[in-house]
């Protein structure tokens, strides 16, 4: 074998490879003059990444997937930016005793394939979602309904395929009977999980998850995995949130920085969250396009009440620690103004939020020290805060610890878990050594969502294992109420009692710091911090 | 030669098995349950987690899982992602083409620019242009790729406006040039330095003097006599570099928003998608193995004294 010859061959192969890949090199120059480059005219684009799961309403609870689900499906009702109910597919949702609810649907609604949306579309879908055999992530959302245990038993196969609580009265009316009173049940119905399904779904749920057919403002167009999901405005949509644009492109970005640079250069219309690198300058870059708005979510420090440090701790100590945190300074400096200091256990956007006027949420080193001493101090005078290192929490956890140490002399260190799965596992298995960082975004805009789901002794998301009889009883009172107002008021009492028990230390409420480019207008934020896409217009 | 290749190919099998087993065990040793992690801070009931685990065979002992994986692998089945429920083979084949293109671009750039710079400097060692090159490569070696990436992006996309900051959905070749250069810059610097040293050394070799004394044209002296001997260490480096280019582009891919293998593995690791990680790593192992075989074969081409029987 002659060397020179084969070296030539190798060089030749490289040239061929280059030429072959260069074939796609001609730039398509059909960019409209005004529209954002690379998308059909009238469409708007947003940096929503690949959904975690196939597109099924009851199997999606993360933000990427739910953006797409909400564009394709419309459930009975929705909320405006103030958290008030807006009826969408439902004509009315009413109950006299908060146990049996009657739903009347608006007539004439259709799925994208022309099938009518009937009471049965809802009942069948809910029964399917709740069935344990279908392994839907959000199945527990249906657990209020009578007969849930039959379709979703704790062990073994389901006894029935239908929940006894769901009954169709006629084509557009059905009743929901709950196992127990839930005065705020109609608010839960606003969660995207309660969307109806067309009949074709049951033929092949798997295929449906890749190419869903809904009843929402947009119809499904295409899904290029890990890159793009495209939906088109649906002319026949009759809801109040009819699309003002021609369609949406959900584009996947590997980093927020990459998405941001595309907004600046006009390749992307909207960004949901500006990354830390660009936060200091995004308002000058985007001008009117910069979005800064609070939404219904809270960050807390949750003591794990089973560990050596916080077992049988005097609430006074926790109140003292809370007073040792300089929320104002930390939100302004470390968090770049992306949070608002908390003044209660619930964010202002939810029904029943109240100003607690409690000193325990204000920074006061002198009182903090005194309270901790009064309560007997923290065992060994130190504790840890567990967080996941992949979520950008390190900076503020360090700052909070610093603040507590300076103010009270109690030593505090971060306990980093490499990523979210590891962090969750430690919480689930009661392995948190001190406190952990808690976060909660509203599922529905009522204070109950932030109190019962986190601090009831039997609540599934109560990972600190806080248990208090008095609180449970107060909550039971709120659940037995006949009207929403009574229930919300009862839960306000719960919140007041919680300050004395300190099941968690509220830190701050979230703010969305996003933005949009020059080609779009009317970008608004809903109560749980999502950009409202139907109202966005192109210029 | 044929026997040598066959033997090398056979040796790949234990390496392949060993490396998949290792990655498999590592994934298993990581804390964090992929099924539970799907739900985030929300709650999922235990019965449902158990059902999902059974569906994906995650409730079986690790050795059983590994055997199942191997069994499926030999039938061409790489498994299914837990979250997206898509076949891993499909996920990988979505991500691979762009990474291969990027790697080829970067590789060609490394070879062409690196070797020519090295020769230019090495022919006149200790001269001003040699010093200049050493300085330049020092800068490239010491600069982290994310700094260089953002710098290039800022300069060409935002200041000069001659390029887009990110590659588009179906990237054209021109769009890939910028990320490829960033990706290649580090190995480019190494290649240039290796070539330079090796050329500078060989310039003083006896056979060079002989070749010049024979009155051979300068092109032939440098192109054949000098290059063949100087390229051996460079080729070794380039061989392993291909593997690195294929797998290690996470930072560059992130900056220019390229949906390649780097980001795929990174994401899959965070979500504990064992099947995806093992699948990609297995492929990378194969790439490494083939590259090192090619390097060994190229030695024989470059230095005829090396013969494989």
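The values are calculated or read from the model by the stated rules, or taken from the named source; none is laboratory data. Because the structure is a prediction, the values reported are computed rather than measured. Note: ideal-geometry Cβ built from the backbone for every residue, glycine included; neighbour counts use all protein chains shown.
Some notes on this structure:
- Any chance residue A:263 is in contact with a strand residue (DSSP E or B) (Cβ under 6 Å, 6 or more places away or on another chain) and closer than 30 Å to residue B:159 by Cα: yes
- Neighbours by Cβ (under 9 Å, 6+ apart or cross-chain): first from the stretch B:50-61, facing chain A (nearest Cβ under 9 Å) and buried (at least 16 other Cβ atoms within 10 Å of the Cβ); second at pLDDT below 90 and outside any loop (DSSP other than H, G, I, E, B): B:52/B:35
- Subset of the stretch A:425-457 (residues that are without any contact (Cβ under 8 Å) to a residue 12 or more places away in the chain and either more than 24 Å from residue A:312 (Cβ to Cβ) or crowded, with 20+ Cβ neighbours inside 10 Å (or both)): A:425
- Residue that is surrounded by the fewest Cβ atoms within 10 Å (Cβ to Cβ), among those in the stretch A:339-361 that are in a loop (DSSP other than H, G, I, E, B) and at pLDDT below 90: A:355
- Single residue of the stretch B:172-207 satisfying the filter (outside any helix (DSSP H, G or I) and farther than 22 Å from residue A:226 by Cα) that is farthest from the other protein chains (Cβ to nearest Cβ): B:204
- Residue among A:130, A:41 that alone is more than 13 Å from every other protein chain (Cβ to nearest Cβ) and either touching a helix residue (DSSP H, G or I) at 6+ places or on another chain (Cβ under 6 Å) or touching a residue at least 40 places away in the same chain (Cβ under 8 Å) (or both): A:41
- Count of residues meeting criterion [more than 19 Å from residue A:148 (Cβ to Cβ), assigned to a loop (DSSP other than H, G, I, E, B) and touching a residue at least 24 places away in the same chain (Cβ under 8 Å)] in the stretch A:98-127: 10
- Strands (runs of 3 or more DSSP E) within the stretch A:155-274 that include 2 or more residues away from chain B (no Cβ under 14 Å) and surrounded by fewer than 18 Cβ atoms within 10 Å (Cβ to Cβ): A:166-170, A:173-177
- Count - residues of the stretch B:69-105 that are within 25 Å of residue A:205 (Cβ to Cβ), more than 25 Å from the chain's Cα centre (by Cα) and assigned to a helix (DSSP H, G or I): 1
- Some residue of the stretch B:159-171 being more than 11 Å from chain A (Cβ to nearest Cβ) and either within 30 Å of residue B:298 (Cβ to Cβ) or part of a helix (DSSP H, G or I) (or both): yes
- Restricted to the stretch A:441-537, the set of helices (runs of 4 or more DSSP H) holding at least 1 residues that are under 20 Å from the mean Cα position of the chain (by Cα), more than 30 Å from residue A:38 (Cα to Cα) and modelled with pLDDT of 90 or more comprises A:447-455.
- Qualifying residue in the stretch B:75-96 (condition: more than 14 Å from chain A (Cβ to nearest Cβ) and buried (at least 16 other Cβ atoms within 10 Å of the Cβ)): yes
- In the stretch A:472-487, the residues that are buried (at least 18 other Cβ atoms within 10 Å of the Cβ) and in contact with a helix residue (DSSP H, G or I) (Cβ under 6 Å, 6 or more places away or on another chain): A:474, A:475, A:478, A:481, A:487
- Per-region count, the stretch A:45-74, residues under 26 Å from residue A:539 (Cα atoms) and more than 15 Å from the chain's Cα centre (by Cα): 5
- Every pair of residues 6+ apart whose Cβ atoms lie under 7 Å, when the first sits in the stretch B:33-47 and is within 7 Å of chain A (Cβ to nearest Cβ) and under 10 Å from residue A:421 (Cβ atoms) while the second is in a loop (DSSP other than H, G, I, E, B) and modelled with pLDDT under 80: B:36/B:44
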